[in-house]
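Everything below concerns the one structure shown next.
Any read-out appearing in this document is the output of simple, stated calculations on the displayed coordinates, not a laboratory observation. Quantities reported herein were computed from a predicted structural model and do not represent experimental measurements. All Cβ positions, even for glycine, are placed from backbone atoms using ideal geometry, and neighbour counts span all protein chains on display.
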Amino acid sequence: MIEKGKISVRQFTVLVLLYTIGTTILIIPSILATHAKQDTWIAGIVGLCGGIAIIPLYVSLASKYPGQNFSQILEHLFGKWVGKGVSLIYLITFVMLLSVFVLRDIGDFMVTVMMVETPIYAIHITFLLVVLMAVRLGLETFARAGELFLPWVIVLYFILTFTIAPQIEMNYAQPVMENGIKPILHAGFSFFTFPFAEMIIFLMIIPYVNTLHRVSRGFWIGIIIGGVFLIILSMLSILVVGIEETSESIYSSYDLAKQINLGGFFQRVEAMMAFIWFTTAFMKLTILIYVLSLGISQTLELTDYKPITLPLGLIIYVFSIIIFPNVAYLIEFTETMQLYVFIYGVVFPLLLWFLSFIKEKGRFNSI
């Protein structure tokens, strides 16, 4: 095992929670409102239920091969050389692409609403340098950092929620299911893929949790709390900003924070929303690049993952500019990315689970 560190179940739960919120906190209200309209809360519950339902699959795979990360599981199921090939394909075409997607999302947000005259490559390089530093410091270090960040995220989230609550218009939530169930399921699928189906990447981290039998509990708590946070925020965007404005805005939750106005003196506090997003986006990208570095090092049988973090960071930076040339292309690609995440986050682990079941049954029969 390249990674020698260990984290607690609480730290694992914090990582799952922060990853769940991640960059999704800015874009999910718009995605849900576009399809589900005033039924955003129903679509959110549908997506969250899907996320809860997928956890046993991931935990079952991890429990079948205790102490082995995802790359090692693939080698065990497919054989050494085929398994290494499958592992590299998974890491490069999924984890790396997801990292590029998240980095580009960060850059587009900054140059669109906060630092409009700053070149996007400067944002990418600056953010990446901090993320790469965290990755090189190791799992234990950035897991502790997550514990320090979480209370601030929660406090600022509740300040945002309670200060915007007086502006709620319940009429925006009616009528219920006006357009039927199909738009709700469409929006629910979007919420399920971003971020819940991405949780397969935590199969690279589960072996380093010091109490494996409590991993599923940590998974559930992290996903449920993070999912509820996102659903409440999405509904606040609908009930305060309105359906049309929410669906047409790229970063509707940031626009929501602009609506805060208490007595004319507590206002223009959207930077508070930005801090929540910076923190969760930082943790999400750190986890992704850590998983990518660790997985490639494990597959190539390197003794340490740290030397390849900088080259991988440079590749991710270049791809973030080449693959997604502008924000319009990124938005257009989101629908394709959802199907991509579904294949890797649901179909792929299901196939692996059935393959492991067949191998176990064959071994039992041979005995």
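With charges set only on the Cβ (+1 for Lys and Arg, -1 for Asp and Glu), what does the dipole of the range 9-360 come to about its Cα centre, in debye to the nearest 20?
Roughly 1000 debye for the range 9-360.
Using a basic spin-label model with each label point 7 Å from the Cα along Cα→Cβ, how many nm lie between residue 141 and residue 329?
In this crude spin-label approximation the distance works out to 3.4 nm.
Could you list which residues have their amide H under 5 Å from that of residue 7, counting only those 5 or more apart in sequence or on another chain, with H placed in the peptide plane?
209, 210
If the elastic network links every pair of Cα atoms under 10 Å, which of 248, 117, 178 fluctuates the most in the Gaussian network model of the chain?
Judging by the Gaussian network model, the answer is 117.
Between 354, 78, 342, which gets the highest mean-square fluctuation from a Gaussian network model of the chain, Cα cutoff 10 Å?
354
Starting from the Cα of residue 361, draw a straight line to each of the aspartates and glutamates and keep only those under 19 Å, dropping any in the same chain fewer than 8 residues away.
Candidates past the 8-residue exclusion: 75.
Of the listed values [x] 31.5, 104; [y] 28.8, 121; [z] 20.5, 77, identify the label whose number matches Rg and Dmax of the Cα atoms in Å calculated from this model.
After the calculation, the listed value that fits is [z].
For the residues 340, 254, what sequence is obtained by ranking on other C-beta atoms within 10 Å, fewest first?
The most exposed by this proxy come first: 340, 254.
Relative to the longest principal Cα axis of the chain, at what angle does helix 80-90 sit, 0 to 90 degrees, rounded to 10?
Orientation of helix 80-90: about 10 degrees from the principal axis.
Sort 152, 353, 81, 277 so the one with the fewest other Cβ atoms within 10 Å of its own Cβ comes first.
If I rank by nearby Cβ atoms, fewest first, I get 81, 152, 353, 277.
Using the Cβ atoms and a cut-off under 14 Å, what net charge is assigned to the surroundings of residue 244, where Lys and Arg are +1 and Asp and Glu are -1?
Residues close to residue 244 contribute a combined charge of -3.
Can you tell me which lysines have their Cα less than 24 Å from the Cα of residue 6? Leave out same-chain residues fewer than eight positions away.
Partners found: 64, 284, 306.
Could you work out the relative contact order of the chain? I mean the mean sequence separation of Cα pairs under 8 Å and 6+ apart, divided by the number of residues, in percent.
40 percent
Mind listing which trypsin sites (Lys or Arg not before Pro) in the range 237-336 are in a DSSP loop and have 14 or fewer other Cβ atoms within 10 Å?
Filter output for the range 237-336: 268.
By the scheme Lys and Arg +1, Asp and Glu -1, what is the net charge of all other residues having a beta-carbon under 13 Å from that of residue 329?
Computed value for this residue: -3.
Which of the aspartates and glutamates could a cross-linker span from residue 4 if the Cα-Cα distance has to be under 17 Å and same-chain partners fewer than 8 positions apart are dropped?
140, 301, 304
Taking the Cα-to-Cβ direction at residue 321 and at residue 258 and moving 7 Å from each Cα, how far apart do the two end points lie in nm?
Between residue 321 and residue 258, the label points sit 2.9 nm apart.
Kindly write out, for the range 123-131 in residue order, the coupling ³J(HN,Hα) from the Karplus curve 6.51 cos²θ - 1.76 cosθ + 1.60 (θ = phi - 60°), rounded to whole Hz, with x marking Gly and Pro.
4, 4, 5, 4, 5, 5, 4, 5, 5
For the range 171-182, what does the Karplus curve 6.51 cos²θ - 1.76 cosθ + 1.60, with θ = phi - 60°, yield as ³J(HN,Hα) per residue in whole Hz, taken in order and with x for Gly and Pro?
4, 5, 8, 10, x, 7, 6, 4, 9, x, 8, 4
Quick one: net charge of residue 194's neighbours, Cβ under 13 Å, K/R +1, D/E -1?
Local charge sum for residue 194: -2.
What does the extension gain come out to for residue 354 and residue 275, with contour length at 0.36 nm per residue minus their alpha carbon separation?
Taking 0.36 nm per residue and subtracting the Cα distance, the gain is 24.2 nm.
Once you've got the GNM for the chain with C-alpha springs shorter than 10 Å, pick whichever of 321, 106, 200 has the biggest mean-square fluctuation.
321
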